[in-house]
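*Asks:* A single structure is presented below for examination.
Quick note: the coordinates plus some simple rules give every number you see, no bench work behind them. Quick caveat: nothing in here was measured; it's all calculated off a predicted structure. Every residue, glycine as well, gets a Cβ built from its backbone with ideal geometry; the counts of neighbours run over all protein chains shown.
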Amino acid sequence: MTLFEQGSSILYMKVGTHAQESLTDIIERKRREIQEEGFAMWGYGGNTCHPITMVQPFAKTASSPIVLCMQPMQSKHFAEPVRAEEYSEDGRLWKPVPSGIDVLGSRYALCIDSLEQVDETLNLADTQVAVGRSRGRNGRDYVQGRVDKACLELSNIGGAEAKEVHIGLTANIVAPHAVLLRN
């Protein structure tokens, strides 16, 4: 049985060094947070997976639980490792980030309750954008250039040249799915 089946809901993201911290160190810290707090917040930036306009609507309409599929890559994210102090699901009501969770150098975060290293291949040509203005667009065509994350559904629609990417990490995304952050 493969990780990716017809209809799977996937949030695809490229990952690497972030806020001057290696991916290995981030993985270790997030696993510790999950063990101690029951969940972790996986920080990120960019508007292609904005918490309120993209990820939360995706979660409401997804036909299956959303799996965060991460493609490790070389990156040079040198932003200051400033810890987020508050998070919000809606941009109006702000709550303190639990003391046992550190989200560094990020504007947004996904809420996850697992983090597994895997060795899988995802063919982006077999996906389509699940939400937003690009809904229905082939994932292979959408994820390119500066677009490094996307809310996707595995559709096996075919017709597009294969674009296989290595997935090295997966996580279960749990409610409230995605949040805004501030210092």
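*Asks:* With respect to residue 110, determine if the residue is crowded, with 16+ Cβ neighbours inside 10 Å and not hydroxyl-bearing (Ser, Thr, Tyr).
*Replies:* yes
*Asks:* Let me ask you something else. Tally time: how many residues in the stretch 28-69 are surrounded by 15 or more Cβ atoms within 10 Å (Cβ to Cβ), over 11 Å from the mean Cα position of the chain (by Cα) and of a type in the set (S, T, N, Q)?
*Replies:* 1
*Asks:* Does residue 134 qualify as being free of Cβ contacts under 8 Å to residues at least 12 places away in the same chain, closer than 23 Å to residue 62 by Cα and surrounded by fewer than 20 Cβ atoms within 10 Å (Cβ to Cβ)?
*Replies:* When the stated conditions are applied, residue 134 passes them.
*Asks:* Report, ordered by the first and then the second residue, all pairs with beta carbons closer than 8 Å, sequence separation of six or more or different chains, a first member in the stretch 98-115 that is among the acidic types (Asp, Glu), and a second member that is surrounded by fewer than 22 Cβ atoms within 10 Å (Cβ to Cβ) and in a loop (DSSP other than H, G, I, E, B).
*Replies:* Correct list of pairs: 113/38; 113/39.
*Asks:* Also: Report the residue count in the stretch 1-27 for those that are surrounded by 15 or more Cβ atoms within 10 Å (Cβ to Cβ) and touching a Phe, Trp or Tyr at 6+ places or on another chain (Cβ under 9 Å).
*Replies:* Summing the residues that are surrounded by 15 or more Cβ atoms within 10 Å (Cβ to Cβ) and touching a Phe, Trp or Tyr at 6+ places or on another chain (Cβ under 9 Å) in the stretch 1-27 gives 9.
*Asks:* Criterion first (in a strand (DSSP E or B), out of contact with any Gly (no Cβ under 6 Å at 6 or more places or on another chain) and at positive phi) does residue 166 satisfy it? Working first, answer last.
*Replies:* Numbers: in a strand (DSSP E or B): yes; out of contact with any Gly (no Cβ under 6 Å at 6 or more places or on another chain): yes; at positive phi: no.
Answer is no for this residue.
*Asks:* Anything in the stretch 79-121 that is of a type in the set (Ser, Thr, Tyr), in a strand (DSSP E or B) and within 30 Å of residue 163 (Cβ to Cβ)? List them, or say none.
*Replies:* As a first pass, look at the stretch 79-121 and keep what is of a type in the set (Ser, Thr, Tyr): 87-88, 99, 106, 108, 114, 121.
Applying the additional criterion that residues be in a strand (DSSP E or B) yields 87-88, 108, 121.
Matches in the stretch 79-121: 108, 121.
*Asks:* Suppose the filter is of a type outside the set (Lys, Arg), over 15 Å from residue 10 (Cα atoms), out of contact with any helix residue (DSSP H, G or I) (no Cβ under 8 Å at 6 or more places or on another chain) and not in a strand (DSSP E or B); does residue 145 pass it? Quick ask: steps written out before the conclusion?
*Replies:* On the way: of a type outside the set (Lys, Arg): yes; over 15 Å from residue 10 (Cα atoms): yes; out of contact with any helix residue (DSSP H, G or I) (no Cβ under 8 Å at 6 or more places or on another chain): yes; not in a strand (DSSP E or B): yes.
Answer is yes for this residue.
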